[in-house]
Amino acid sequence: MAAVRCDLEDFAAEMFEPFARADQRRWGEVYLRGLLLDGRRKSVEPMAARLGEDRNRQALAHFVTSSPWEAAHVRARLAWRMQQVIKPTALIVDDSGFLKDGDASACVARQYTGTAGKVTNCQAGISLHLASDNASAAVDWRLFLPESWDPASPKADAAKVARRTTCGIPEDIGHVEKWQLALDMIDETRSWGIEVPLAVADGGYGDAAAFRLGLEERGLSYAVGISTTTTAQPEEAKPHIPPYGGRGPRPQPACPEPAQTVKKLVIEAGKRAAKPVQWREGSRPGSGRSGVKRMYSRFVALRIRPAGREIRKAADDGPRAGQSAAETKAGARGRSRTPRTRRPTSTR
């Protein structure tokens, strides 16, 4: 830490410049330094014990819990700095689980997390990263509020709802799906003047048709994971309008054959359609020049017509070849409480 202390102080001065008071800027830098010090627990008390001459637990706690500063301003400055350093070619949406033994932390609940690979007691954080081939950095994030913490949800848990005030959760914050939080973060990042044309996400987001439609509505190309049970029509399937019987609403365009799972469509494409792809070196020893094996698999590229209820609702004229209703609305939007932030004309 001593070797990078000066660089860290310069970085903190740039990130925390919008803070109104000098003591906020000072304790912001101390808190950041405490997060980077060795030690598993990153709560205020154990961090204060490791900070030496800056071991002021009360001042650190005040900075985190009650000092009035706007987190969105710091995230915006971080994003501008990382855009210059990383020169991003993709936005990556991901989530992480923070395992918890008790139930006192905000938004903790039994839910699935890839951190543990199972359903367990944890918090879930959604993050948006600027990424290139060589580096990535998280520049926006949200804490996911499960339905059990939302008093307006039929799945509300009275004990968890009662802890909202103690945890400092505002009354107007309710449950919002993870994919909608991701779209909100993309919108916020673009409001800072950062435009990256490609979005990447795993199946936890790609399985939500509304998320894919939201990306298309924003003019973003994307590469997202989907489950093998996702349904679609082959590209050559032609929608048609059934004859109108004269009563009731007019029939909408539809494909004559039922949709199939993407797994079945890939199998029907046959082995010859699968092309080998190598993309980077792995960790296992190999016989090649580098001494390690390259990551390798076979892939099938198919153009399809996405199907499903959400696609039908969003499309005005039926599914379209090779895309999922690109020019239609994505549905209800989640709530966002973060302000728009003006980019400074210069940085340090």
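The values are calculated or read from the model by the stated rules, or taken from the named source; none is laboratory data. As the structure is a prediction and not an experimental result, all values here were calculated from the model. Note that we place each Cβ from the backbone using ideal geometry, even for glycine, and neighbour counts take in every protein chain shown. Accessible surface is based on the protein model in full, side chains and every heavy atom, while ligands, DNA and RNA are left aside. Shrake-Rupley method; radii C 1.70, N 1.55, O 1.52, S 1.80 Å.
Can you give the calculated 222 nm mean residue ellipticity of the chain, where each DSSP H run of n ≥ 4 adds -39,500 (n - 2.57) and the sum is split over every residue, rounded to the nearest 500 deg cm²/dmol?
Taken over the chain, the calculation gives -8500 deg cm²/dmol.
Could you list the residues of region 182-212 with an amide nitrogen less than 18 Å from a label point located 7 Å from the Cα of K87 in the Cα-to-C-beta direction?
194-198
Which value, in Å², gives the accessible area per residue of the chain when a 1.4 Å probe is used on the protein heavy atoms?
It amounts to 60 Å² per residue over the chain.
What is the chain's relative contact order, in percent, from Cα pairs under 8 angstrom and six or more apart in sequence?
Averaging sequence separation for qualifying contacts and normalising by length gives 12 percent for the chain.
Which angle between 0 and 90 degrees, to the nearest 10, do you get for helix 71-86 versus the longest principal axis of the chain when only C-alpha atoms count?
70
Enumerate by residue number the GluC sites (Glu not before Pro) in region 207-243 meeting two conditions: DSSP loop (anything except H, G, I, E, B), and at most 13 other Cβ atoms within 10 Å of the site's Cβ.
Hits after loop and neighbour filter: E235, E236.
Using only Cα atoms, locate the centre of region 167-220 and the centre of region 258-296, then give the distance between them in Å, rounded to an integer.
Here the answer is 29 Å between Cα centres.
I need the trypsin sites (Lys or Arg not before Pro) found in region 19-74, filtered to DSSP loop residues with at most 12 other beta carbons within 10 Å of theirs.
In loop regions of region 19-74 (DSSP not H, G, I, E or B), the sparsely surrounded trypsin sites (Lys or Arg not before Pro) are R21, R40, R41, K42.
Please report the accessible area of L51 (heavy atoms, 1.4 Å probe, ligands and nucleic acids excluded) in Å², nearest 10.
Number for this one is 10 Å².
For every other residue with a beta carbon closer than 10 angstrom to the beta carbon of S127, add +1 if it is Lys or Arg and -1 if Asp or Glu, then tell me the sum.
Once positives and negatives cancel, what remains is -2.
List the trypsin sites (Lys or Arg not before Pro) within region 213-304 that DSSP assigns to loop and that have no more than 13 neighbouring Cβ atoms inside 10 Å.
Within region 213-304, the qualifying trypsin sites (Lys or Arg not before Pro) (loop, at most 13 other Cβ atoms within 10 Å) are R247, R289, R303.
Students often get this wrong, so check it: of K118/K178; K42/K160; K178/K275; K100/K178; K100/K263; K178/K293, which have C-alpha atoms separated by over 28 Å?
Listed pairs above 28 Å: K178/K275; K100/K263; K178/K293.
What part of the accessible area of the chain, given as a whole %, is carbon or sulfur when the probe is 1.4 angstrom?
Answer for the chain: carbon and sulfur cover 51 percent of the accessible area.
Enumerate the amide H contacts of L198 below 5 Å, restricted to partners 5 or more residues apart or on another chain; note that Pro and chain-start residues carry no placed amide H.
Amide H neighbours of L198: L91.
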